[in-house]
Amino acid sequence: MTNTVAAANAEISRCVAASSRPIFDEPTIATQTPLVIRPYRLFSQRFPLLSLSLLERNSISSSRLRSMPNDSDASGGLTYKDAGVDIDAGSELVRRIAKMAPGIGGFGGIYPLGDSFLVAGTDGVGTKLKLAFETGIHETIGIDLVAMSVNDIVTSGAKPLFFLDYFATSHLDVDLAEKVIKGIVDGCQQSDCALLGGETAEMPDFYAKSEYDLSGFAVGIVKKDSVIDGKNIVAGDVLIGLPSSGVHSNGFSLVRRVLARSGLSLKDQLPGAAVTLGEALMAPTVIYVKQVLDIIGKGGVKGIAHITGGGFTDNIPRVFPEGLGAVIYKDSWNVPAVFKWIQQAGKIEDAEMSRTFNMGIGMVLVMSKEASQRILEDANGAYTAYRIGEVVNGEGVSYH
């Protein structure tokens, strides 16, 4: 069901009945006072306003920062900062926000509801949109949008309940918007959640012709006694990696700079692969929800890290208790050809690659040795998983 609201910028609120999802008729009201209160204005007057207060703000990954590129460094090797994204500035912003809203830092915001937690996340797809505009591939960018939020909230063990989207453009091209939203629907089906509603904003002169921007919001639920928070992680625990489909939806400011330097076009074949650069780079982000929830159900999972902007270096330590770090076994999985090309064409150092890209591993699960052996044995071709490292005493991530 769609409802159009007349406004100065021609905003369109889209609200969809979600009969397939459980309805909580009389939710238990939490007695705690939320640290951050941000009511969501997503429904028209025909629907009751549903306000959601977050106990903790979803962490701000450095990948959320978008700025114009600067010149390459003197050495000739490209970095994420050269491409306009300053990871250290992102970390500083998180530090400042933490002073105003203590408790942030996880992959999803958590709010108590009776014997459960609601887990919320929000994200976009960044400058991967630029490649969508150049390639004309709009059918899968919506999958990326859903993936970035639901993959974040599943790290707490939460099952996604519903998703909301925001689509903004200067002039609404109905056919193009339909392709994008079809991808969002596909992503919701892959993660077994409802597309509950959304907002379409037509804002003349705000975006370049034929361009648009996207953001998404997901909410899931997990029992309080089942939440995965990393508190029980100890030295000797094992890191299990689930493979990515490629770059996913982070690092594209640097990817685009590498592409410009390489002299190749998106229609050229990716060196070492049977696909074009455009096809490889636009491969949709893997939605890990069903696979991760299945693994969690087998027991033994202590912590989960979604490998987005910041790569292994910044994301894996986010789930560890203080005083613990990780050793990554560099040759324990197959690094996709697209990352080898990015590194070679951009002359990018190993450390920069590991702090920018997922390098072929999109989700990392921390578990005991016994549980990891069971998971690896149970795979039996049903899915691919790698033992990529272990937890050690001492902070940080090292690569061996």
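The values are calculated or read from the model by the stated rules, or taken from the named source; none is laboratory data. From a predicted model like this one, the values you see are computed outputs, not experimental measurements. Here Cβ is always computed from backbone atoms with ideal geometry, including for glycine, and neighbour counts include all displayed protein chains. With ligands, DNA and RNA removed, areas are computed over all heavy atoms of the protein, side chains included. Shrake-Rupley method; radii C 1.70, N 1.55, O 1.52, S 1.80 Å.
Structure notes:
- Taken along the Cα-to-beta-carbon direction at a fixed 7 Å, the label points for residue 113 and residue 393 span 4.3 nm.
- For q = 0.20 Å⁻¹, Debye-computed log10 I/I(0) when each Cα of the range 228-399 counts as one equal scatterer: -1.28
- Taking every DSSP bridge with both residues inside the range 102-227, close to 75 percent are antiparallel.
- For the range 319-385, GluC sites (Glu not before Pro) are listed when DSSP marks them as loop and at most 15 other Cβ atoms sit within 10 Å of their Cβ; the list is 322, 349.
- Projecting label points 7 angstrom from Cα along Cα→Cβ for residue 206 and residue 377 puts them 5.6 nm apart.
- Residues whose placed amide H lies under 5 Å from that of residue 362, excluding near-sequence neighbours: 242, 244
- For residue 298, solvent-accessible area (1.4 Å; no DNA, RNA or ligand), Å²: 80 Å²
- Probe 1.4 Å, all protein chains present, accessible-area order of 155, 140, largest first: 140, 155
- Interchain or long-range residues, amide H under 5 Å from residue 116's placed H: 224
- The packing ranking of peptides 251-259, 111-119, 302-310, 171-179, highest mean first, is 302-310, 251-259, 111-119, 171-179, where packing means the average number of other beta carbon atoms within 10 angstrom of each residue.
- Stretchable slack from residue 232 to residue 130, in nm (0.36 nm times residue separation minus alpha-carbon distance): 32.6 nm
- Cα gyration tensor, the range 102-227 - rounded (a/c under 1.5), prolate or oblate: prolate
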